[in-house]
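A.B. asks: Have a look at this one before I ask anything.
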Amino acid sequence: MNFEFSDDQKAIRDLAQQIFSDRATDDFLLQFSRTDETYDEELWRTLAQQGLLGIAVPEALGGSGLGLVELCLVLEEQGRRVAPVPLYASLVLGALPLAEFGSEQQQQRYLQPLVAGELKLSAAVAEVAMNAALAPQLQARREGEHWVLDGERAVVPDGAVADALLVPATDDAGQVSFFVVERAQPGVSVTPLPIGLSGERAANVSFAGVTLGDDALLGAAGQGEEILEWLVARANVGHCALQVGVTEEAMKRTAAYVSERKQFGIPLGSFQALAMRMADSYIDVEAIRSTYWLALWRLSEGLDARAEVRAAKWWACDAAHRVVSTSQHLHGGMGADVEYPIHRFFLLAKQISYSLGNASQQLEQLGRLLAEDDALGFRALEV
């Protein structure tokens with residue numbers, strides 16, 4: 001079997017690498033961190049001009065009509081440069097479900113401006129990973145020909161800058177439906193949270209008597225659970241894609257550093273203990289990559305990927321912690337300098353891990369999933 005990416009996929013990856021490398025240099029990121037800006041709008045416009053914001057948007061809407069694989073290749077390159085743009089929220093949480101479940105009117109209203117760089121999206125799905133007792137509730141009730149939303153959604157990724165949100169809400173019958181809600185809609189209140197570890201701007205969003213028509217429904221009424229399961233799997237894989245880029249670049253920078261930095265007149269990398277830690281980092285990065293690629297492939301082929309996504313999440317949490325901690329440690333005092341670039345990789349890797357859920361939680365849920373379905377257990381053994 002040929003596991004190589006196609007020529008088109010390689011070209012997309014190379015284009016993304018060039019754009020992020022040219023703009024998100026270490027010097028630029030240092031200067032940018034000293035401003036009050038959250039995201040680099042010029043980089044956002046460049047991504048739009050080069051067609052990368054529409055990578056997974058249908059061609060009829062101005063996009064490239066490609067899929068999850070190509071989108072994840074772009075996210076990997078963003079992770080390598082820790083570039084400050086809300087790609088994950090807009091393209092994974094917003095564009096993918098709109099392209100899959102949205103009506104023609106919704107796609108034209110939201111995806112065309114996104115492709116042009118004129119709109120940002122997100123989805124209020126963080127409650128999936130929260131304890132049920134702590135997760136805020138959002139209720140939907142039918143009043144005549146309209147839907148009325150009341151309640152809250154917490155920690156919406158990039159919710160502070162999103163122009164429209166995809167939000168699940170539960171009706172009186174216990175059915176979940178998804179709605180596309182614009183930030184400017186009367187009754188919507190957005191409360192930005194303190195800037196997170198890696199500079200992103202999440203937000204809590206409240207809905208007070210927000211009145212919507214049927215045209216705001218994503219998919220059909222009561223289809224929310226199906227859409228949520230579909231979205232969360234791809235959201236998890238998108239985070240794993242970012243994590244591959246972050247950890248691999250952190251490892252490469254650390255390897256270069258210990259090869260040049262000398263102690264007692266010889267490079268640090270020549271010490272066996274340091275060399276072994278770098279070897280462990282390489283193994284961890286490749287484990288993150290291989291498990292994520294397997295999950296990505298199964299999703300892109302329309303196959304059951306529940307166990308594979310869980311395994312990829314576990315590696316992206318557990319192994320990433322070891323890789324970026326090793327990077328910080330082997331940089332010594334330089335690793336503690338917030339104006340030295342290596343700290344950005346540590347912070348973004350930790351932010352991704354927190355978003356995915358801690359490693360022990362993933363292992364517990366993977367074990368439960370395998371115990372409940374013998375077929376998944378046999379498939380895991382075959383892999």
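A.B. asks: What number of residues within segment 47-68 satisfy the criterion of being under 13 Å from L98 (Cα atoms) and of a type in the set (V, I, T)?
C.D. replies: 1
A.B. asks: Spot the failing condition for R80; the list is (1) surrounded by fewer than 20 Cβ atoms within 10 Å (Cβ to Cβ); (2) part of a helix (DSSP H, G or I); (3) at pLDDT 95 or above; (4) touching a helix residue (DSSP H, G or I) at 6+ places or on another chain (Cβ under 7 Å), and only one is missed.
C.D. replies: Of everything listed in (1) surrounded by fewer than 20 Cβ atoms within 10 Å (Cβ to Cβ); (2) part of a helix (DSSP H, G or I); (3) at pLDDT 95 or above; (4) touching a helix residue (DSSP H, G or I) at 6+ places or on another chain (Cβ under 7 Å), R80 misses just condition (1).
A.B. asks: Quickly run through segment 167-220 and pick out the residues that are surrounded by fewer than 17 Cβ atoms within 10 Å (Cβ to Cβ), assigned to a loop (DSSP other than H, G, I, E, B) and among the hydrophobic types (A, V, I, L, M, F, W, C).
C.D. replies: A173, A184, L193, I195, L197, A220
A.B. asks: Assuming G357 fulfils every condition listed in (1) modelled with pLDDT under 85; (2) more than 26 Å from A126 (Cα to Cα) apart from one, which condition is it?
C.D. replies: Just one mismatch for G357, condition (2).
A.B. asks: Kindly list, by first and then second residue, each pair from a residue in segment 103-115 that is within 14 Å of L91 (Cβ to Cβ) to a residue that is among the basic types (K, R), limited to pairs with Cβ atoms under 9 Å and residues at least 6 apart or on different chains.
C.D. replies: L114/K120
A.B. asks: Would you please name the residue that is surrounded by the most Cβ atoms within 10 Å (Cβ to Cβ), looking only at residues in segment 332-354 that are at pLDDT 90 or above and over 20 Å from the mean Cα position of the chain (by Cα)?
C.D. replies: Filtering first and then ranking leaves I342.
A.B. asks: Return the residues of segment 140-166 that are closer than 22 Å to G222 by Cα and assigned to a loop (DSSP other than H, G, I, E, B); say none if nothing qualifies.
C.D. replies: Selection gives G144, E145.
A.B. asks: Tell me whether segment 296-315 contains one or more residues that are under 20 Å from I342 (Cβ atoms) and either among the basic types (K, R) or surrounded by 21 or more Cβ atoms within 10 Å (Cβ to Cβ) (or both).
C.D. replies: No, that holds for no residue.
A.B. asks: Could you check segment 299-325 and list, in sequence order, the residues that are of a type in the set (S, T, N, Q) and either in contact (Cβ under 8 Å) with a residue 60 or more places away in the chain or closer than 15 Å to E248 by Cβ (or both)?
C.D. replies: S300
A.B. asks: Only helices (runs of 4 or more DSSP H) wholly contained in segment 1-53 count here; list those with 3 or more residues that are under 23 Å from G63 (Cα atoms) and among the aliphatic types (A, V, I, L, M).
C.D. replies: 7-23, 41-49
A.B. asks: Within segment 232-249, does at least one residue satisfy the condition of being surrounded by fewer than 17 Cβ atoms within 10 Å (Cβ to Cβ) and either assigned to a helix (DSSP H, G or I) or not polar (S, T, N, Q) (or both)?
C.D. replies: Checked against the condition, which is being surrounded by fewer than 17 Cβ atoms within 10 Å (Cβ to Cβ) and either assigned to a helix (DSSP H, G or I) or not polar (S, T, N, Q) (or both), segment 232-249 yields at least one hit.
The values are calculated or read from the model by the stated rules, or taken from the named source; none is laboratory data. None of these values were measured; they are calculated from a predicted model. Here the Cβ is made from the backbone with ideal geometry for all residues, glycine too, and neighbour counts use every protein chain on show.
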